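The values are calculated or read from the model by the stated rules, or taken from the named source; none is laboratory data. Remember, predicted model here, so these are calculated numbers, not experimental data. Here Cβ is always computed from backbone atoms with ideal geometry, including for glycine, and neighbour counts include all displayed protein chains.
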Amino acid sequence: MPTIKNTIEPKSIGSATDPKGNVLAVDPERASRSCAFFRVEGTLIDRGALAASAYFASNAQGFTERAFRIGALALGAPLYGLLSQSDRTLATRAAYAALRHMSEDRVGELADEYYEDVLKERIYERGRELVKQAKRDKHRVVLVSESIEQVVSRLAAELSADDYVCNRLEYVRGEATGKLLDPVVGGHDGGAFVKRYAAEHAIDLTRSVGYAAYGADLLLLSSVGRPCAVNPDFALRAAARDAEWPVLEYR
Amino acid sequence: MTEPLSIHKALAGRHILFTGASGFLGKVWLTMMLDQVPDVGRIYVLLRGKKNQNARARFEQMVNDSYAFSGLHEKHGEAFSRFLAERVEVVPGDVSQPGLGVEPELAERIQRQLDLLVHCAGQVDFNPELHEGLETNLEGTIHAAEFAAKAPDAGFVQVSTCFVAGNREGRIMEEALPNYAPRDWGAGGYAPSGKPFDVEAEYLHLKQLVRQVDEDLNSDAAIAQLRQEVAEGIAAKGHDPSNHALIDRILKREHKARLADRLVQVGKDRAAEWGWPNVYTFTKSMGESMLLSRFPRLRKTFFRPAIIESAQSFPLPGWNEGLNTSGPLVYFAGTWFRHLPARKDKPLDVVPVDYCCAALIAAGAALVEGRARAVYQCATSDRHPLTVGRGLELTSLAHRKYYRNHGEDAIERILLSRWDGRVVGDDHFMRVDNLRKVAQWLADVAKDAPQGLPTKWRAELKKLSSKSDRVDRKLGLVDKVIDTYKPFVSSNRQTFSCEELVGLQTAESFFHYEPKKLDWRRYWIDQHVPGLRRWSFPLIEGTKVEVYSPKFPVRLPELLAPGFGGSTRVTETNKRRARTAQASGAAE
């Protein structure tokens, strides 16, 4: 019977950690009764699951393996594009399938590299400003990301976020199976997560803020009192216009 | 439930004789004792003087030059000399000599006060010349045990190795069996002579073997034969075969080399016959058997570490010295060599030196308190295994990290950083002997370039030939390393139980052994491989290893006053010891 690590709890909430993995203490002052939910992809960074997966695949162990993984990803990229519009959960699952058989050690190291070399310098300045503003407004900052924990924990530490929710890979005997543990973040379940989180932390959603960029995040934005579409895709732009939500463009 | 053992209480005011302080493990043990158990009575450090350096001067140089002591230097500054003088007494001696080669009066003084003897000295080359292995690992152990047995009530810790188990598979328990030999144990039969292993008989046999080799190679006929071969060799190279001075010089060198080779080979063959992978484990195991048979009344414990490697944090992260087991393998995995013939799922039983020393101190304290078990195995394979496959993956990732940030050129930063090592089977087409064949073929082809080729081409081919020769020599070295380390990465899928050590609960968490505390990824990538790069790789590359330079070098007093070098701190303990010694009379 294989052992599955990182069995996800029904509430897939992690605490922000520093690069060494130490859990950052949550400032009780900041744990106010309102939250600022940031859908990371599109609002804080411009890289999604496919970019991360491509980076991991291109640095797999051995040249043959790299070529095979990159080839598979390249073939699947158009499918990913299509799925992103209709079923982003499935698209995210498909993207991370490229990490199958990769060691947990390699994933951890590559996540550090990916964050340092690719993501860190691609954090939107306006995104950072929004996070700082949220803190000044005494919101609890929560990141929602389709990326994997090893990457998001670094971003959360960088932005001093209070909490994050993200995807976790399934590992069997130290190797990734290529599957994501449920629930997969990135699809239409953002709204359910926000409601659950609010219930657990006594958050007043009517005073809370939400920032997101994709049509899949409609429910997330609908759950908060002050939604904001950031660099929206076609579907979210249309919905924002209909609902008269503010739209921010800084990509 | 037994109360946790307080290391500080158990060792406060206790007097310990320690052998092997100049080794990798020994230095860390000593620094850890001085740093973590400063209330210890007296540590007698047995050290052999060198040709132009007495034991005290050698000790001072060790303390001043080695980074292992840097933390203590920084902590105590100018007062470090005094701090050391109050706790450490350097004892000139040699484990290969009866009575440890200690002056009788000094020996008697030490024995009167001795609480514990930690015998850590050993010949750690896997395949030394047989007589060297016997002198240090077997006779040295006997001498040390005899020394401890003469003390009124001293415990004896024998630092051995998990690999005394030899060529066996499966879980190895923490037990010491008299007259143990792996072949007897595994097959249930007797080998190689049809008689069961008897350590005393084997010891005599090995001594006889050494004498035999010596006589064979020093016989008139053998010398004459060798002289003839040397003369022919000289003639073949175009030198004067009647140049007696040259012949004598080469003869002397050749004779020494052949004698050494034979003494290594007979030891290896004999070890293999009984089921040990090398002379080191063979002689270490014989040392254990001898202790069991010759010293039944001596209070003792066998402390068996697995593969001791870089420190996780003490005395400093990544601290290493010399070439330990993983050093050469890790080094080659950072070159263009990629394919390691090994068993991917075999546990690579590495234990950081600071984990090992903390456990060794705890085992000694348990012995002093009368709570020690017969055997403690200090290993990771049973509770928190690292496999060879994972070890190589972590090694690749560590090299990747280094080359990406510190690569000398684009090839290193971009290509070598991504040149990951792989575990392959013995029959892989990229195995070392196949690569050597290619290199040799290339060298031969380039050497025999047709005369009709343009001069420029011939010059290039000559360069290629010598380059191929160099590659072949390097691959030869790799082959030798792989062969030496085969027992650790390929043969014998063993896990070593460490239940006794984990079960030894200590009041101070620092000394409690729990391999599960180790984060392999962080240890390997952030401490172990960088440590090897700093302390061990220079030895492989033939460059200089860093030497510490303290602000206040240690100078110990020339002569220590009888007793405890004038230390008032331990006077009461001294008196108590003296009274006990008088009352108890002679030792075992």
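Going residue by residue through the stretch A:193-213, is there one that turns out to be away from chain B (no Cβ under 14 Å), farther than 28 Å from A:Tyr80 by Cβ and crowded, with 24+ Cβ neighbours inside 10 Å? The answer is yes, given that some residue of the stretch A:193-213 is away from chain B (no Cβ under 14 Å), farther than 28 Å from A:Tyr80 by Cβ and crowded, with 24+ Cβ neighbours inside 10 Å. For the stretch A:44-68, give me each residue that is within 14 Å of another protein chain (Cβ to nearest Cβ), within 30 Å of A:Leu159 (Cβ to Cβ) and outside any loop (DSSP other than H, G, I, E, B). Within the stretch A:44-68, A:Tyr55, A:Phe56, A:Ala57 meet the criteria.
Where helices (runs of 4 or more DSSP H) sit wholly within the stretch B:143-258, those with at least 1 residues that are in contact (Cβ under 8 Å) with a residue 40 or more places away in the chain occupy B:182-187, B:199-218. B:Arg14 satisfies every condition listed in (1) touching a Phe, Trp or Tyr at 6+ places or on another chain (Cβ under 9 Å); (2) surrounded by 21 or more Cβ atoms within 10 Å (Cβ to Cβ) except (1). Among residues of the stretch B:430-441 being loosely packed, with under 15 Cβ neighbours inside 10 Å and under 22 Å from B:Lys346 (Cβ atoms), the one that is nearest to the other protein chains (Cβ to nearest Cβ) is B:Met430. If you filter the stretch B:382-429 down to residues that are among the hydroxyl-bearing types (Ser, Thr, Tyr) and more than 24 Å from B:Cys356 (Cβ to Cβ), you find that the one that is surrounded by the fewest Cβ atoms within 10 Å (Cβ to Cβ) is B:Tyr402. Note on the stretch A:160-251: enclosed strands (runs of 3 or more DSSP E) holding 3 or more residues that are within 18 Å of the chain's Cα centre (by Cα) are A:163-167, A:175-180, A:209-212, A:226-230. Do we find that B:Gly327 is in the same structural domain as B:Lys150 (by TED's automatic domain parsing), touching a residue at least 24 places away in the same chain (Cβ under 8 Å) and at positive phi in this structure? Taking the combined requirement at face value, the residue does not satisfy it.
Within the stretch B:437-488, the residues that satisfy the criterion of being under 30 Å from B:Leu323 (Cβ atoms) and among the small types (Gly, Ala, Ser) are B:Ala439, B:Ala443, B:Ser466, B:Ser468, B:Gly476. Selection over the stretch B:502-527 of residues that are within 14 Å of chain A (Cβ to nearest Cβ) and of a type in the set (S, T, N, Q) gives a count of 1.
Within the stretch B:371-381, not a single residue is surrounded by fewer than 22 Cβ atoms within 10 Å (Cβ to Cβ), within 12 Å of chain A (Cβ to nearest Cβ) and over 24 Å from the mean Cα position of the chain (by Cα). State yes or no: is B:Asp184 of a type outside the set (A, V, I, L, M, F, W, C) and within 30 Å of B:Val489 (Cβ to Cβ)? Spelling it out, B:Asp184 is indeed of a type outside the set (A, V, I, L, M, F, W, C) and within 30 Å of B:Val489 (Cβ to Cβ).
Would you check if there is a residue in the stretch B:529-545 being in the same structural domain as B:Ala365 (by TED's automatic domain parsing) and over 21 Å from B:Asp65 (Cα atoms)? There is at least one residue in the stretch B:529-545 that is in the same structural domain as B:Ala365 (by TED's automatic domain parsing) and over 21 Å from B:Asp65 (Cα atoms). Anything in the stretch B:501-544 that is β-branched (Val, Ile, Thr) and either out of contact with any helix residue (DSSP H, G or I) (no Cβ under 7 Å at 6 or more places or on another chain) or under 22 Å from B:Ala306 (Cα atoms) (or both)? List them, or say none. Of everything in the stretch B:501-544, those that are β-branched (Val, Ile, Thr) and either out of contact with any helix residue (DSSP H, G or I) (no Cβ under 7 Å at 6 or more places or on another chain) or under 22 Å from B:Ala306 (Cα atoms) (or both) turn out to be B:Val502, B:Thr506, B:Ile525, B:Val529, B:Thr543. Listed conditions (1) under 24 Å from A:Pro183 (Cα atoms); (2) surrounded by fewer than 22 Cβ atoms within 10 Å (Cβ to Cβ); (3) within 14 Å of chain B (Cβ to nearest Cβ); (4) not small (Gly, Ala, Ser) are all met by A:Leu110, apart from (2).
Kindly establish whether B:Thr484 is out of contact with any Lys or Arg (no Cβ under 9 Å at 6 or more places or on another chain) and surrounded by 14 or more Cβ atoms within 10 Å (Cβ to Cβ). Yes: the conditions hold for B:Thr484.
Checked against (1) in a helix (DSSP H, G or I); (2) surrounded by fewer than 23 Cβ atoms within 10 Å (Cβ to Cβ); (3) more than 14 Å from chain B (Cβ to nearest Cβ), A:Ala91 passes all but condition (2). Within the stretch B:493-528, if we keep just the residues that are out of contact with any His (no Cβ under 7 Å at 6 or more places or on another chain) and among the β-branched types (Val, Ile, Thr), the residue that is surrounded by the most Cβ atoms within 10 Å (Cβ to Cβ) turns out to be B:Ile525.
State which residue pairs qualify: first residue on the phi > 0 side of the Ramachandran plot and inside the stretch B:14-30, second residue of a type outside the set (A, V, I, L, M, F, W, C) in any location, beta carbons under 9 Å apart, and separation of 6 or more residues or different chains. What qualifies is B:Gly20/B:Gly26; B:Gly20/B:His119; B:Gly20/B:Gly122.
In this structure, is A:Tyr80 within 14 Å of chain B (Cβ to nearest Cβ), buried (at least 18 other Cβ atoms within 10 Å of the Cβ) and either closer than 24 Å to A:Asn231 by Cα or among the β-branched types (Val, Ile, Thr) (or both)? The answer is no for A:Tyr80.
The C-beta contact set for the stretch B:408-423 (first residue more than 10 Å from chain A (Cβ to nearest Cβ), second residue modelled with pLDDT of 90 or more and outside any loop (DSSP other than H, G, I, E, B), distance under 8 angstrom, 6+ apart or interchain) comprises B:Glu412/B:Tyr403; B:Arg413/B:Tyr403; B:Arg413/B:Arg404; B:Leu416/B:His399; B:Leu416/B:Tyr403; B:Val423/B:Val388; B:Val423/B:Gly389; B:Val423/B:Leu392. Summed over the stretch B:49-68, the residues that are over 14 Å from B:Arg555 (Cα atoms) and surrounded by 17 or more Cβ atoms within 10 Å (Cβ to Cβ) give a count of 4. Being more than 30 Å from A:Ala72 (Cα to Cα) and either at pLDDT 95 or above or surrounded by fewer than 23 Cβ atoms within 10 Å (Cβ to Cβ) (or both), is that true of even one residue in the stretch A:165-187? There is no residue in the stretch A:165-187 that is more than 30 Å from A:Ala72 (Cα to Cα) and either at pLDDT 95 or above or surrounded by fewer than 23 Cβ atoms within 10 Å (Cβ to Cβ) (or both).
Annotation note: of B:Gly327, B:Gly364, the sole residue that is surrounded by 21 or more Cβ atoms within 10 Å (Cβ to Cβ), touching a Gly at 6+ places or on another chain (Cβ under 8 Å) and in a helix (DSSP H, G or I) is B:Gly364.
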